[in-house]
1. Keeping the other protein chains in place, figure out the carbon and sulfur percent of the accessible area of the chain, with a 1.4 Å probe.
2. Count the net charge of all other residues whose Cβ sits under 14 Å from the Cβ of ILE127, scoring Lys and Arg as +1 and Asp and Glu as -1.
3. May I ask you to list the trypsin sites (Lys or Arg not before Pro) in the range 138-179 that are in a DSSP loop and have at most 16 other Cβ atoms within 10 Å of their Cβ?
4. How large is ³J(HN,Hα) for each residue in the range 110-125, as worked out from phi by the Karplus curve 6.51 cos²θ - 1.76 cosθ + 1.60 (θ = phi - 60°), to whole Hz, x for Gly and Pro?
5. Computed from the coordinates I sent, semi-axes √(5λ) of the Cα gyration tensor in Å equals one of (i) 49, 21, 17; (ii) 44, 26, 11; (iii) 30, 22, 16. Tell me the label.
6. Could you give the accessible area per residue of the chain, probe 1.4 Å, as a whole number in Å²?
7. Taking Cα pairs under 8 Å and at least six residues apart, what relative contact order does the range 106-179 come out at, in percent?
8. Give a quick list of chymotrypsin sites (Phe, Trp or Tyr not before Pro) in the range 100-134 that DSSP marks as loop, anything other than H, G, I, E or B, with at most 13 other Cβ atoms within 10 Å.
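The values are calculated or read from the model by the stated rules, or taken from the named source; none is laboratory data. Everything numeric in this text was worked out from a predicted model, so none of it was measured. Note that we place each Cβ from the backbone using ideal geometry, even for glycine, and neighbour counts take in every protein chain shown. Quick note on the areas: whole protein, heavy atoms, side chains included, nothing else; ligands and nucleic acids left out. Shrake-Rupley method; radii C 1.70, N 1.55, O 1.52, S 1.80 Å.
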Amino acid sequence: SKELDRFYSIVLDCAPDAIVIDSMYDVHIDTLLRRLACVDIHPVVCYSDELETVSDAAVSVACSPGDLALIQYTSGSTGSPKGVCITHDNLMSNCEVLERSMGPDPKRVGFSWLPPYHDMGLMGTIILSLHHGWPLVMMSPMHFMQQPRRWLEAITDYRVSITVGPNFSLDAVVAALDD
């Protein structure tokens with residue numbers, strides 16, 4: 001599939017030691033691992049719904065601000081996915097800038113339906129909430145797209161004080177309220 005080929009090219013580019021993936025892609029993992037073995041890449045596969053059990057075995061690694069924290073890839077919609085190397089210092093700087101613009105709020109509660117592989121979903125919600133220690137309620141993107149009104153309902157239900165979304169999502173909520 002095109003999606004598997006795109007993911008293969010990313011893994012081939014960065015040769016990770018581990019892949020964290022949703023178990024819904026389990027059917028494709030054997031094919032991916034066979035293809036990677038042909039080029040001598042052998043990552044450990046961890047399923048996101050099993051991370052609680054994996055975290056017990058996690059190893060603490062010392063790092064410096066200039067060390068690589070992650071490689072963020074483009075979607076590859078106009079060509080092969082391109083990776084941008086992001087250091088720990090880059091992540092801290094981004095979190096501090098966003099925190100200054102949001103202002104302090106010791107009772108902050110975040111909410112996101114954005115995919116964790118999307119820049120706004122990863123950097124603007126997940127990493128930000130982890131850095132500052134505030135809770136983040138997450139909804140599946142599919143759950144939002146099926147009924148955009150759920151976003152507003154979740155804001156009320158969880159007493160959310162911060163949430164973000166691209167323009168199309170705001171249009172979708174307005175359209176859903178007009179129905």
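1. Values: 6650 of 11760 Å².
About 57 percent, which is the carbon plus sulfur part of the accessible surface.
2. Details: positive: none; negative: ASP89, GLU96, GLU99, ASP119.
In short, -4.
3. ARG159
4. Once rounded to whole Hz, the list reads x, 9, 8, 10, 5, x, x, 8, 7, 3, 5, x, 7, 6, x, 10.
5. (iii)
6. Result: 66 Å² per residue.
7. On the way: 87 pairs, mean separation 28.8, N = 74.
That works out to 39 percent.
8. Working: sites: PHE111, TRP113, TYR117; in loops: TRP113, TYR117.
Those satisfying the criteria are TYR117.
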